[in-house]
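See below for the structure under consideration.
Each reported figure results from applying straightforward, stated rules to the coordinates on display, with no laboratory input. These numbers were taken from a predicted model, which means no experiment stands behind them. Neighbour counts are summed over all protein chains in view; Cβ atoms, including those assigned to glycine, are modelled from backbone coordinates with ideal geometry.
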Amino acid sequence: MKTYFHKLLITGGHGQMAKAIKAHPLALPFDLTLPSHQAMDITNDSSLQQAIDHVKPDCIINTAAYTAVDKAESERELALAVNQIGAQKLALACHKNNIPLIQLSTDYVFSGEKKTPYEEDDVIHPINVYGESKYLGEEAIRTHCADHLILRVSGVFSEFGQNFLKTILRLARERDELNIVSDQITSPTYAGDIAGVLFTMLQQNKFIPGTYHYCSQDAISWYEFAGMIVNTAKKRTSIKTKNIHPINANEYKTAAKRPPYSVLDCRKIKTIFDITQPAVLDGIVASLRECGN
Ligand SMILES: NC(=O)c1ccc[n+]([C@@H]2O[C@H](COP(=O)([O-])OP(=O)(O)OC[C@H]3O[C@@H](n4cnc5c(N)ncnc54)[C@H](OP(=O)(O)O)[C@@H]3O)[C@@H](O)[C@H]2O)c1
């Protein structure tokens with residue numbers, strides 16, 4: 001099937017999301033180019049323009065980002081250089097070359113103080129440097145490239161790269177007991193499901209600019225998420241962990257603060273693109289299957 005958005009250029013081509021995009025069955029009819037950080041550096045104007053001239057994409061999906069949430073607290077300049085300035089350069093290049101831009105963003109633009117799911121136009125109040133840098137990137141894109149979609153997602157996990165599921169899987173093979181934070185609520189989202197959303201939006205040929213939320217249907221604590229991962233993995237592979245203990249966030253010190261309640265309201269993407277929220281368990285099963293467990 002030939003689609004209007006046929007040629008896609010995916011920045012950050014060796015990252016978790018880019019790999020999930022490449023592996024998705026809906027990718028088949030599209031022509032994808034996924035340059036590495038080195039091959040297409042979003043903080044470098046000439047690197048950007050060279051990649052655009054070479055690929056001549058119908059659309060760019062920006063998965064490139066500085067994603068080290070804790071390190072960002074001590075590497076603020078670097079986080080801003082990629083997530084704000086890089087996003088701005090990309091937005092300007094897209095505008096100049098008349099290319100629609102899809103940007104991935106995060107639930108961490110919100111404080112997490114709300115008790116109900118965050119809507120797209122809720123008050124922005126990042127509580128860590130990473131969240132701030134991603135929000136500034138969103139703003140740069142809104143300012144410089146009218147033809148944009150911003151997709152905020154949360155707690156991305158998959159068989160690719162480094163993520164919570166893979167960390168828990170490793171720890172569960174090494175340790176009898178695990179202590180996991182139970183007073184922070186999130187909606188973990190499988191990268192494969194996010195990739196499916198991107199293709200579904202592109203296939204519909206209605207590029208309606210704006211900001212959209214997408215996450216799984218399960219609002220759970222990291223403790224509950226870890227329990228689901230371990231219980232699912234146990235059925236398929238050898239696991240050492242016997243018990244998982246709930247702890248409070250203040251017992252698990254991290255450089256960056258995390259939002260206590262970080263759940264996204266996904267009604268807008270449902271209304272406009274008829275995209276429904278997946279179950280987190282299906283994503284866990286898919287990740288473990290693809291990891292070979
Ligand atoms: N992971 C999550 O839980 C999560 C949650 C919400 C939103 N998001 C967003 O989802 C998107 C994808 O995240 P991910 O999980 O795929 O992250 P990831 O695995 O860390 O991938 C990001 C990629 O960007 C590359 N990169 C860094 N600086 C770059 C630059 N200047 N130019 C080009 N590429 C650069 C990195 O390459 P190097 O490693 O070689 O530097 C890496 O391959 C990001 O926008 C992120 O903010 C992620």
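Enumerate the lysines that Lys89 could reach by cross-link, defined here as Cα to Cα under 19 Å, with residues fewer than 8 away along the same chain left out.
Lys56, Lys134
Of Ser262, Asn243, Ile99, whose Cα points farthest to the positive end of the dipole of the chain (charges on the beta-carbon: +1 Lys, Arg; -1 Asp, Glu; origin at the Cα centre)?
Of Ser262, Asn243, Ile99, it is Asn243.
Using Cβ counts within 10 Å as a stand-in for footprinting exposure, how do Arg76, Arg170 rank, fewest first?
Ordered by Cβ neighbours within 10 Å, fewest first: Arg170, Arg76.
In what order do Ser221, Ser133, Ser187 fall by count of nearby beta-carbon atoms within 10 Å, going from fewest to most?
Values: Ser221 17, Ser133 28, Ser187 24.
Exposure proxy ranking, most exposed first: Ser221, Ser187, Ser133.
Once every DSSP H run of n ≥ 4 in the chain is given -39500 (n - 2.57) and the sum is divided by its residues, what mean residue ellipticity at 222 nm do you get, rounded to the nearest 500 deg cm²/dmol?
-11000 deg cm²/dmol
Shape of the stretch 161-293 from its Cα gyration tensor (a ≥ b ≥ c, root eigenvalues): rounded if a/c is under 1.5, otherwise prolate when a/b > b/c, or oblate? Show your work: numbers first, answer last.
Numbers: a/c = 2.75, a/b = 1.61, b/c = 1.71.
Since a/c reaches 1.5 but b/c is at least a/b, the shape of the stretch 161-293 is classed as oblate.
Tell me the Kirkwood radius of the stretch 64-195: reciprocal of the mean inverse pair distance over distinct alpha-carbon atoms, in Å. It would help to have the intermediate numbers written out before the result.
Numbers: mean 1/r = 0.0615 Å⁻¹.
Evaluated over the stretch 64-195, this radius sits at 16.3 Å.
Assuming 0.36 nm per residue, please report the length gained on full extension of the stretch Thr143 to Gln204 beyond their Cα-Cα distance.
19.4 nm
Once you keep just the Cα pairs under 8 angstrom separated by 6 or more residues, what percentage relative contact order results for the chain? It would help to have the intermediate numbers written out before the result.
Working: 596 pairs, mean separation 61.2, N = 293.
Relative contact order here is 21 percent.
Would you mind checking the stretch 135-176 for residues with the amide N under 15 Å from a putative spin-label position 7 Å along Cα→C-beta of Lys96?
Inside the label zone: 144-145.
If you build the convex hull over the alpha carbons only and average its shadow over all orientations, what do you get for the stretch 22-89? Give it in nm² to one decimal.
Details: hull surface 21.9 nm².
With the hull built on Cα positions only, its mean projection is 5.5 nm².
If you scale each eigenvalue of the Cα gyration tensor by 5 and take the root, what three semi-axes come out for the chain, rounded to whole angstrom and sorted largest first?
31, 21, 18
If you count, for each residue, the other Cβ atoms within 10 Å and average over each peptide, how do 81-88, 282-289 line up from highest to lowest?
Going by the mean number of other Cβ atoms within 10 Å, highest first, we get 81-88, 282-289.
Return the whole-Å distance between the Cα centroid of the stretch 230-293 and the Cα centroid of the stretch 60-128.
21
By how many nm would the segment from Arg289 to Asn250 lengthen if fully extended, with 0.36 nm per residue of separation less the alpha-carbon distance?
Working: separation 39, 0.36 × 39 = 14.04 nm, distance 3.40 nm.
Net length gain for the segment: 10.6 nm.
Counting only the backbone N, which residues of the stretch 176-192 are under 20 Å from the spot 7 Å out from the Cα of Ser238 toward its beta-carbon?
176-178
Once you have the Cα-Cα distance between Asp183 and Glu113, take 0.36 nm times their residue separation minus that, and quote the gain in nm to one decimal.
Values: separation 70, 0.36 × 70 = 25.20 nm, distance 1.23 nm.
That pair, Asp183 and Glu113, stretches by 24.0 nm at full extension.
Quick one: Asp58, Asp176, fewest Cβ neighbours within 10 Å first, how do they rank?
Values: Asp58 17, Asp176 9.
Final ranking by Cβ density, sparse to dense: Asp176, Asp58.
Nearest 20 debye, what's the magnitude of the dipole of the stretch 142-293 about its Cα centre given +1 on Lys and Arg Cβ and -1 on Asp and Glu Cβ?
180
State to the nearest 20 debye the size of the charge dipole of the chain about its Cα centre, where the only charges are +1 on K and R beta carbons and -1 on D and E beta carbons.
With Lys and Arg at +1 and Asp and Glu at -1, about 760 debye.
Write down the Kirkwood hydrodynamic radius of the stretch 142-187, to one decimal in angstroms, obtained as one divided by the mean of 1/r over all alpha carbon pairs. Could the numbers behind the result be given before it?
Values: mean 1/r = 0.0719 Å⁻¹.
Hydrodynamic radius (Kirkwood, Cα pairs) of the stretch 142-187 is 13.9 Å.
Can you work out D for the stretch 5-60 in µm² s⁻¹ from Stokes-Einstein, where Rh is the Kirkwood radius over C-alpha pairs, the temperature is 10 °C and the viscosity is 1.306 mPa s? Present the calculation step by step, with values, prior to reporting the outcome.
Details: Rh = 11.4 Å.
In µm²/s, the coefficient is 139.
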